[in-house]
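Chemist: Here's a structure for you.
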Amino acid sequence: MLQDLLGALAALGSVGVVYLAMAARIVKQYERGVLFRLGRVSGDVRDPGLNLVIPFVDRLHKVNMQIVTMPIPAQEGITRDNVTVRVDAVVYFRVVDSVSALVKVEDYKFAVSQMAQTSLRSIIGKSELDDLLSNREKLNEGLELMIDSPAVGWGIQVDRVEIKDVSLPDAMKRSMARQAEADRERRARIINADAELQASKKLAEAAAQMSDQPAALQLRLLQTVMAVAAEKNSTLVLPIPVELLHFLERGQQPEKGQQQLAPHADGGPPSG
């Protein structure tokens, strides 16, 4: 009798262990559990930890609540200014309503991927090439809004969308390179012209200063001679300033005047 009772208890314990093993479900920290009882959502969302279900009656679906990083395949399109480009992007999203993600859409990841590709092609057609290259932040915001609007009804929240790369045809790359080179050359010419203008103003001021002080020109000449001599050249070119010639001419004019006014040796009047 005692042995039969012990055997029954052991069998009952075994059944209980088997039932517990079949009923126990572990939900991880980054997951949420949605319980379907006879095909209908039952109760609240199950939190992480140990959860018990009724075997063969309940079915627990686990939904990952982590942020999903999904690359958007490169989409080829024509911009508003008729340039063919290929643009790829990446979208970051996560599930905020696990029940809606399971019930309202068959495969929320595939749905978000298709919506992202369609929105990216639409953004390409509405934008110009300069916007795709330099104004990406505004395009990212517009792309995020286009994806997030339908995804809200699926229990999905789009955190961020980033355009990764814009591929251009080779002909367009060469045209842009020539444009950039021409712009660089234009700025270089403007800088050189500005430098010439400033230098001419300074030279004019220096010339005006030297005209007031003729000795400054002589000092400048001596500095030039010293600079040339420092190079150890075999030939030394010494320029003679015009002012020096004028000075010598002025020095010779009184002597000519004195010779003209000098009297004759015989005491007669000077010759005219």
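The values are calculated or read from the model by the stated rules, or taken from the named source; none is laboratory data. Just so it is clear, the structure is predicted and the values come from calculations on it, not from any experiment. Here the Cβ positions follow ideal geometry from the backbone for every residue, glycine too, while neighbour counts run over all protein chains shown. For the accessible areas, the whole protein counts, side chains as well, though only heavy atoms, and no ligand, DNA or RNA atoms are used. Shrake-Rupley method; radii C 1.70, N 1.55, O 1.52, S 1.80 Å.
Chemist: Which of (1) within 28 Å of the chain's Cα centre (by Cα); (2) within 25 Å of Gly125 (Cα to Cα) does Pro150 not meet, given it meets every other one?
Modeler: Evaluating Pro150 over (1) within 28 Å of the chain's Cα centre (by Cα); (2) within 25 Å of Gly125 (Cα to Cα) leaves (1) as the failure.
Chemist: Another question, if that's okay. Report, ordered by the first and then the second residue, all pairs with beta carbons closer than 9 Å, sequence separation of six or more or different chains, a first member in the range 174-188 that is closer than 17 Å to Asp130 by Cα and open to solvent by less than 100 Å² (accessible area, probe 1.4 Å), and a second member that is outside any helix (DSSP H, G or I) and aliphatic (A, V, I, L, M).
Modeler: Met176/Leu168
Chemist: Select from the range 107-162 the residues that are touching a Leu at 6+ places or on another chain (Cβ under 6 Å) and of a type outside the set (Ser, Thr, Tyr) and list them in ascending order.
Modeler: Ile123, Val161
Chemist: Of the residues Ala208, Ala116, Ala111, which single one is free of Cβ contacts under 8 Å to residues at least 24 places away in the same chain and either farther than 30 Å from Lys62 by Cβ or open to solvent by less than 50 Å² (accessible area, probe 1.4 Å) (or both)?
Modeler: On the way: Ala116 fails: free of Cβ contacts under 8 Å to residues at least 24 places away in the same chain; Ala111 fails: free of Cβ contacts under 8 Å to residues at least 24 places away in the same chain.
Criteria check complete, one pass: Ala208.
Chemist: When you scan the range 69-94, how many residues do you find that are touching a Leu at 6+ places or on another chain (Cβ under 9 Å) and buried (at least 19 other Cβ atoms within 10 Å of the Cβ)?
Modeler: The qualifying residues number 7.
Chemist: Among the residues of the range 143-186, how many are in a strand (DSSP E or B) and of a type outside the set (Gly, Ala, Ser)? Please lay out each step first, then the result.
Modeler: Taking the range 143-186 first, the residues in a strand (DSSP E or B) are 156-167.
If we keep only those that are of a type outside the set (Gly, Ala, Ser) as well, we get 156-166.
Count: 11.
Chemist: Same structure again: Here's a check for you: in the range 108-139, which residue that is at pLDDT 90 or above and over 20 Å from Ile78 (Cβ atoms) is farthest from the chain's Cα centre (by Cα)?
Modeler: Tyr108
Chemist: Tell me yes or no: at least one residue of the range 184-193 is under 23 Å from the mean Cα position of the chain (by Cα) and within 30 Å of Glu76 (Cβ to Cβ).
Modeler: No, the range 184-193 contains no residue that is under 23 Å from the mean Cα position of the chain (by Cα) and within 30 Å of Glu76 (Cβ to Cβ).
Chemist: Determine whether Val45 is in contact (Cβ under 8 Å) with a residue 60 or more places away in the chain and within 30 Å of Val161 (Cα to Cα).
Modeler: Numbers: in contact (Cβ under 8 Å) with a residue 60 or more places away in the chain: no; within 30 Å of Val161 (Cα to Cα): yes.
Criteria not met by Val45.
Chemist: Taking Gln66 as the residue in question, decide whether it is open to solvent by less than 70 Å² (accessible area, probe 1.4 Å), at pLDDT 90 or above and not charged (D, E, K, R). Show your work before the answer.
Modeler: Working: open to solvent by less than 70 Å² (accessible area, probe 1.4 Å): no; at pLDDT 90 or above: yes; not charged (D, E, K, R): yes.
Answer is no for this residue.
Chemist: Continuing with this model, one more query. Return yes when Val103 is β-branched (Val, Ile, Thr) and open to solvent by 40 Å² or more (accessible area, probe 1.4 Å) and no when it is not. Reasoning before the result, please.
Modeler: Values: β-branched (Val, Ile, Thr): yes; open to solvent by 40 Å² or more (accessible area, probe 1.4 Å): yes.
Yes: the conditions hold for Val103.
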